[in-house]
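Asker: Can you keep this structure in mind? I'll have questions shortly.
The values are calculated or read from the model by the stated rules, or taken from the named source; none is laboratory data. Model, not experiment: these values are computed from the prediction. With ideal geometry, Cβ positions are generated from the backbone for all residues, glycine too; neighbour counts draw on all protein chains shown.
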Amino acid sequence: MLARLRGPLTDRRAGLLLGAPAVAVVLIVLAMLVFVAIQAWPTFQHNGLGWLGDGPAPTGGTVDQQLGSMVEGGEAPPPSAYAIKAWPLIFGTALTTVLSIAIGIVVSVLAAIFIVDLAPRRVRNVVVPVVRLLAAVPSVIYGLIGILVLVPFVNDNLISEGQRQSVQNVIPLTGPGLLVSVVLLTLMVTPIMIALITDALESVPRGWREGALALGVTQWRATMSVAVKAIRPAIVAAAVLASARALGEAIMLSMVSGSNGYAPRIQDGLIFLFEPLRPLAATIAENTESINSAALKSTLYAFAFLLLVSCFVLSLGSYFIKRSLRAQGAR
Amino acid sequence: MSRPATESHDPAGSDGDGTRGAYPPPVRRIALDRAPTVVADDPAERPLVSPSIERALRPATGRERLRIDELSIFYGDAPKPAVNAVTLPVHEGEVLALIGPSGCGKTTLLRSLNRLIELTPGARRQGRIVLDGEDIDGLEMTRLRRRVSMVFQQPNPFPMSIFDNVAYALREQSRKRPSKRDLLPRVEHALRRAGLWDEVSHDLSRPALRLSGGQQQRLCIARALAVEPEVLLMDEPCSALDPISTTVIEQLIHELRSELAIVIVTHNLQQARRVADNVAFMYLGDLIEYGPTEELFERPRAERTREYVGGTFG
């Protein structure tokens with residue numbers, strides 16, 4: 001037996017050796033999804049579609065009060081302890097993710113064009129490694145800078161006393177909130193997008209660009225209408241990777257979002273930007289110590305299930321978008 | 001250094017004729033040996049060669065469209081220019097072939113005609129290029145490149161549909177985005193001129209990159225023709241193609257010649273002989289010899305030309 005293993009690695013054995021981890025990963029992911037779904041089932045069962053809803057639950061209170069009353073339910077909670085309407089948390093997650101990815105796409109495409117087309121070699125030799133380094137900065141550092149620098153800055157300089165008073169009966173404005181969260185999240189996800197889009201833009205054949213220029217198109221249009229158009233699949237891939245990171249970001253957002261289960265209201269105008277929120281991932285991270293409450297545990301698993309499913313849907317969606325874009329030969 | 005050599009060989013032109021009398025001279029034998037491999041399976045070319053003798057007798061084919069005037073191109077700090085004080089006319093309705101060994105500056109010369117050379121870092125130009133009496137430096141770059149359009153060595157269709165490829169420049173040049181229906185006649189016209197319409201008309205939404213190499217190159221020609229250029233530059237348009245596609249494209253060059261001036265760079269002497277009205281032979285950046293095709297191949301005046309068209313080097 002051992003003697004056989006010592007022999008040369010045949011293709012068949014190499015295939016098995018390399019295939020095993022790949023299959024294991026798929027199995028683990030599936031098992032995780034099933035496990036999380038089973039654990040989350042009680043809260044879905046008790047709330048039905050109202051789980052996704054907004055406003056006070058049948059038992060009353062904001063989403064944070066609902067979560068708090070779950071803790072009191074203990075290990076064998078009454079059905080009423082499961083009551084929750086999670087919309088503010090879902091909305092907070094979607095809002096921060098969508099905004100930061102939208103800003104991130106624009107910024108990273110422009111930055112990649114600058115790096116590939118315009119930057120002098122010397123600038124480029126500095127910018128590219130720095131961008132890659134930024135992509136690897138742990139999120140807690142962004143959170144620290146956010147809470148020590150950005151939050152006080154927003155509180156002292158951007159929020160006016162009038163704004164504070166106009167909503168003081170609804171929500172306290174103290175600095176942390178949507179604006180700081182989105183700024184930091186964008187800062188966090190953009191470097192990896194720049195790195196990916198730069199690579200894609202560099203792989204665009206020179207002939208395409210020259211071909212466009214030779215047809216009497218300006219440099220800018222040649223870049224936008226040929227090069228950027230050609231790398232749309234890579235942009236989609238970068239956006240999906242970044243949104244997965246943004247969706248799952250817990251610690252940093254827990255530090256700078258205000259950690260308040262409140263859904264910012266667009267109709268509040270500028271104040272909207274300063275209103276606090278708390279996304280799903282941060283909610284999970286903050287409540288893990290009270291996990292011996294059965295109702296809360298199930299609810300947290302439900303949040304996790306929602307995040308997992310969102311990531312799958314994103315991956316699946318990007319697969320189909322990329323496939324249809326590649327049909328024309330884009331890369 | 002080659003330039004003075006040209007002049008010193010001018011009187012020796014009669015000497016060259018003398019050598020030609022001692023039939024078969026090495027120059028012609030090599031040409032004949034090679035000819036069948038490229039031309040034999042291609043009767044369509046046959047009648048095209050003999051009229052070239054008649055063409056050679058005509059001095060110029062049409063009015064002068066483009067004049068290259070004492071043009072020099074320098075790359076970076078290189079002491080010797082890549083193109084050295086070249087003067088050449090390009091006439092309406094003619095095909096001018098630029099021939100010469102690798103690195104002789106023919107592609108550089110071609111790319112300077114639509115100022116594409118300016119994309120190369122460190123490239124500097126001296127001398128003038130005049131398009132219809134106007135210095136091209138005075139023309140807006142986008143306008144110039146539509147009047148002097150270009151086809152590249154490697155077929156480079158964009159990763160879009162066939163229709164979008166041909167319509168690309170038309171869409172880009174119009175302020176308001178024209179509808180597909182408005183564009184179709186012009187796209188069809190360009191594809192017909194490039195001889196591709198019959199092959200692709202059934203499905204214009206097909207991805208251009210799924211076409212064969214030869215079709216891709218004709219698509220690129222159609223794309224270049226869609227902007228209605230006056231001069232068409234072709235940079236070794238057949239070097240990446242198989243013999244059959246090459247024949248098709250050479251045929252196309254013949255048909256297009258009547259409507260515009262074509263400048264073609266080619267490594268393939270037979271091709272230059274088949275398609276060109278006038279040939280310019282370049283060597284190490286110098287224009288060694290320029291003249292009607294038949295003249296230049298049969299009775300080269302410069303020693304270098306004789307060696308090159310005879311296959312001694314290249």
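Asker: Would you point out the residue of region B:165-204, among those that are exposed (fewer than 14 other Cβ atoms within 10 Å of the Cβ) and of a type in the set (Ser, Thr, Tyr), that is modelled with the highest pLDDT?
Answerer: Checking each candidate, the answer is B:Ser201.
Asker: Now for a separate question. Identify, from the list A:Val154, A:Val189, A:Val170, the residue that is more than 19 Å from the chain's Cα centre (by Cα), buried (at least 21 other Cβ atoms within 10 Å of the Cβ) and closer than 29 Å to A:Tyr262 by Cβ.
Answerer: Numbers: A:Val189 fails: more than 19 Å from the chain's Cα centre (by Cα); A:Val170 fails: buried (at least 21 other Cβ atoms within 10 Å of the Cβ).
Just a single option satisfies the conditions, and that option is A:Val154.
Asker: Another question, then. Yes or no: region B:273-293 includes at least one residue that is assigned to a helix (DSSP H, G or I) and surrounded by fewer than 21 Cβ atoms within 10 Å (Cβ to Cβ). If you could, list the steps in order and put the result at the bottom.
Answerer: Here is the first cut: in region B:273-293, the ones assigned to a helix (DSSP H, G or I) are B:273-275, B:293.
From what's left, surrounded by fewer than 21 Cβ atoms within 10 Å (Cβ to Cβ): none.
No, region B:273-293 contains no residue that is assigned to a helix (DSSP H, G or I) and surrounded by fewer than 21 Cβ atoms within 10 Å (Cβ to Cβ).
Asker: Follow-up question, since we're still on this one. Given the condition within 16 Å of the chain's Cα centre (by Cα), among the aromatic types (Phe, Trp, Tyr) and closer than 30 Å to B:Lys80 by Cα, answer yes or no: does some residue in region B:281-295 qualify? Write out each step before concluding.
Answerer: Initially, region B:281-295 is screened for residues within 16 Å of the chain's Cα centre (by Cα), giving B:281-282, B:287, B:290-293.
From the residues that got through so far, the ones that are among the aromatic types (Phe, Trp, Tyr) too are B:281, B:290.
After this cut, where a residue has to be closer than 30 Å to B:Lys80 by Cα as well, the list is B:281, B:290.
The answer is yes, given that some residue of region B:281-295 is within 16 Å of the chain's Cα centre (by Cα), among the aromatic types (Phe, Trp, Tyr) and closer than 30 Å to B:Lys80 by Cα.
Asker: Restricted to region A:294-331, and to residues that are among the charged types (D, E, K, R) and over 27 Å from A:Pro77 (Cβ atoms), which residue is surrounded by the most Cβ atoms within 10 Å (Cβ to Cβ)? Write out each step before concluding.
Answerer: Quick first cut of region A:294-331, residues among the charged types (D, E, K, R) only: A:297, A:322-323, A:326, A:331.
Next, only the ones that are over 27 Å from A:Pro77 (Cβ atoms) stay: A:322-323, A:326, A:331.
On the way: A:Lys322: 19, A:Arg323: 10, A:Arg326: 14, A:Arg331: 15.
Within region A:294-331, the match that is surrounded by the most Cβ atoms within 10 Å (Cβ to Cβ) is A:Lys322.
Asker: Follow-up question, since we're still on this one. How about region B:205-226: which of its residues are surrounded by fewer than 20 Cβ atoms within 10 Å (Cβ to Cβ) and assigned to a helix (DSSP H, G or I)?
Answerer: B:Leu209, B:Arg210, B:Gly213
Asker: Which residues, counting only those in region A:166-208, are assigned to a helix (DSSP H, G or I), within 14 Å of chain B (Cβ to nearest Cβ) and free of Cβ contacts under 8 Å to residues at least 60 places away in the same chain?
Answerer: The answer is A:Arg206, A:Gly207, A:Trp208.
Asker: Same structure, new question: Among the residues of region A:55-62, is there at least one that is out of contact with any Cys (no Cβ under 6 Å at 6 or more places or on another chain), assigned to a helix (DSSP H, G or I) and touching a residue at least 24 places away in the same chain (Cβ under 8 Å)?
Answerer: The first filter runs over region A:55-62 and keeps only residues out of contact with any Cys (no Cβ under 6 Å at 6 or more places or on another chain), leaving A:55-62.
Imposing the further condition that a residue be assigned to a helix (DSSP H, G or I) reduces the set to none.
Within region A:55-62, none of the residues are out of contact with any Cys (no Cβ under 6 Å at 6 or more places or on another chain), assigned to a helix (DSSP H, G or I) and touching a residue at least 24 places away in the same chain (Cβ under 8 Å).
Asker: Filter region B:146-163 for residues that are buried (at least 23 other Cβ atoms within 10 Å of the Cβ) and without any contact (Cβ under 8 Å) to a residue 60 or more places away in the chain; which is nearest to B:His202 (Cα to Cα)?
Answerer: The selected residue is B:Ile162.
Asker: Is one or more of the residues making up region A:236-259 farther than 28 Å from A:Val140 by Cα and without any contact (Cβ under 8 Å) to a residue 60 or more places away in the chain?
Answerer: The initial filter retains those residues of region A:236-259 that are farther than 28 Å from A:Val140 by Cα, namely none.
No.
Asker: Further question on the same structure: Can you tell me how many residues in region B:82-112 are within 14 Å of another protein chain (Cβ to nearest Cβ) and farther than 15 Å from B:Ala280 by Cα?
Answerer: The qualifying residues number 2.
Asker: Give me the pairs, please: first residue somewhere in region A:280-304 and touching a residue at least 24 places away in the same chain (Cβ under 8 Å), second residue anywhere and surrounded by fewer than 16 Cβ atoms within 10 Å (Cβ to Cβ) and in a helix (DSSP H, G or I), beta-carbon distance under 8 Å, and either six or more positions apart or on two chains.
Answerer: A:Ser293/A:Glu72; A:Leu296/A:Ser290; A:Ser298/A:Trp41
Asker: A further question on this structure: What are the pairs, 6+ residues apart or on separate chains, where a residue within region B:194-208 that is of a type outside the set (S, T, N, Q) has its Cβ under 8 Å from a residue that is part of a helix (DSSP H, G or I) and surrounded by fewer than 17 Cβ atoms within 10 Å (Cβ to Cβ)?
Answerer: Between residues of region B:194-208 that are of a type outside the set (S, T, N, Q) and residues that are part of a helix (DSSP H, G or I) and surrounded by fewer than 17 Cβ atoms within 10 Å (Cβ to Cβ), the close pairs are B:Gly195/B:Glu255; B:Trp197/B:Glu188.
Asker: I would also like to ask the following. Does region A:25-48 contain at least one residue that is touching a residue at least 40 places away in the same chain (Cβ under 8 Å), out of contact with any Ser or Thr (no Cβ under 8 Å at 6 or more places or on another chain) and outside any helix (DSSP H, G or I)? Walk me through it before giving the result.
Answerer: Taking region A:25-48 as the starting set, the residues that turn out to be touching a residue at least 40 places away in the same chain (Cβ under 8 Å) are A:32-33, A:36-37, A:39-44.
Imposing the further condition that a residue be out of contact with any Ser or Thr (no Cβ under 8 Å at 6 or more places or on another chain) reduces the set to A:32-33, A:36-37, A:44.
Retained after the next criterion (residues that are outside any helix (DSSP H, G or I)): none.
Within region A:25-48, not a single residue is touching a residue at least 40 places away in the same chain (Cβ under 8 Å), out of contact with any Ser or Thr (no Cβ under 8 Å at 6 or more places or on another chain) and outside any helix (DSSP H, G or I).
Asker: For region A:114-136, enumerate the residues that are surrounded by 13 or more Cβ atoms within 10 Å (Cβ to Cβ) and either out of contact with any Leu (no Cβ under 7 Å at 6 or more places or on another chain) or at positive phi (or both). Don't jump to the end; show me each part of the working.
Answerer: From region A:114-136, those surrounded by 13 or more Cβ atoms within 10 Å (Cβ to Cβ) are A:114-117, A:119, A:124, A:127-128, A:131-132, A:134-135; that's our starting set.
If the condition is that a residue be surrounded by 13 or more Cβ atoms within 10 Å (Cβ to Cβ) and either out of contact with any Leu (no Cβ under 7 Å at 6 or more places or on another chain) or at positive phi (or both), then A:Phe114, A:Ile115, A:Asp117, A:Ala119, A:Arg124, A:Val127, A:Val128, A:Val131, A:Arg132, A:Leu134, A:Ala135 are the ones that fit.
Asker: Another question about this same structure. Scan A:Ile28, A:Ile90, A:Ile113 and give me the residue that is β-branched (Val, Ile, Thr), closer than 30 Å to A:Ser203 by Cβ and modelled with pLDDT of 85 or more.
Answerer: When all the criteria are applied, what remains is A:Ile113.
Asker: Starting from residues that are more than 14 Å from chain B (Cβ to nearest Cβ) and among the polar types (S, T, N, Q), keep the ones in region A:301-331 and report whichever is farthest from A:Ser203 (Cα to Cα). Spell out the reasoning first.
Answerer: If we filter region A:301-331 for residues that are more than 14 Å from chain B (Cβ to nearest Cβ), which is where we start, we get A:301-321.
This time we only want the ones that are among the polar types (S, T, N, Q), so: A:310, A:315, A:318.
Values: A:Ser310: 30, A:Ser315: 23, A:Ser318: 20 Å.
Within region A:301-331, the match that is farthest from A:Ser203 (Cα to Cα) is A:Ser310.
Asker: Given the criteria in a helix (DSSP H, G or I), touching a strand residue (DSSP E or B) at 6+ places or on another chain (Cβ under 9 Å), farther than 30 Å from B:Gly133 by Cα and not hydroxyl-bearing (Ser, Thr, Tyr), does B:Val248 qualify? Break it down stepwise before answering.
Answerer: On the way: in a helix (DSSP H, G or I): yes; touching a strand residue (DSSP E or B) at 6+ places or on another chain (Cβ under 9 Å): no; farther than 30 Å from B:Gly133 by Cα: yes; not hydroxyl-bearing (Ser, Thr, Tyr): yes.
So B:Val248 does not fit the description; no.
Asker: When A:Ala83 is evaluated against the numbered criteria (1) under 26 Å from A:Trp51 (Cβ atoms); (2) modelled with pLDDT of 90 or more, which criterion, by number, is the only one it fails?
Answerer: Result: A:Ala83 passes all but (2).
Asker: To continue, here is another question. Can you tell me which of (1) touching a strand residue (DSSP E or B) at 6+ places or on another chain (Cβ under 6 Å); (2) outside any loop (DSSP other than H, G, I, E, B) is the one A:Arg323 doesn't meet?
Answerer: Among (1) touching a strand residue (DSSP E or B) at 6+ places or on another chain (Cβ under 6 Å); (2) outside any loop (DSSP other than H, G, I, E, B), A:Arg323 violates only (1).
Asker: So for region A:278-299 (the condition being closer than 23 Å to B:Asn165 by Cα and of a type outside the set (Lys, Arg)), does at least one residue qualify? Don't jump to the end; show me each part of the working.
Answerer: Within region A:278-299, the first condition is being closer than 23 Å to B:Asn165 by Cα, and the residues that meet it are none.
Within region A:278-299, not a single residue is closer than 23 Å to B:Asn165 by Cα and of a type outside the set (Lys, Arg).
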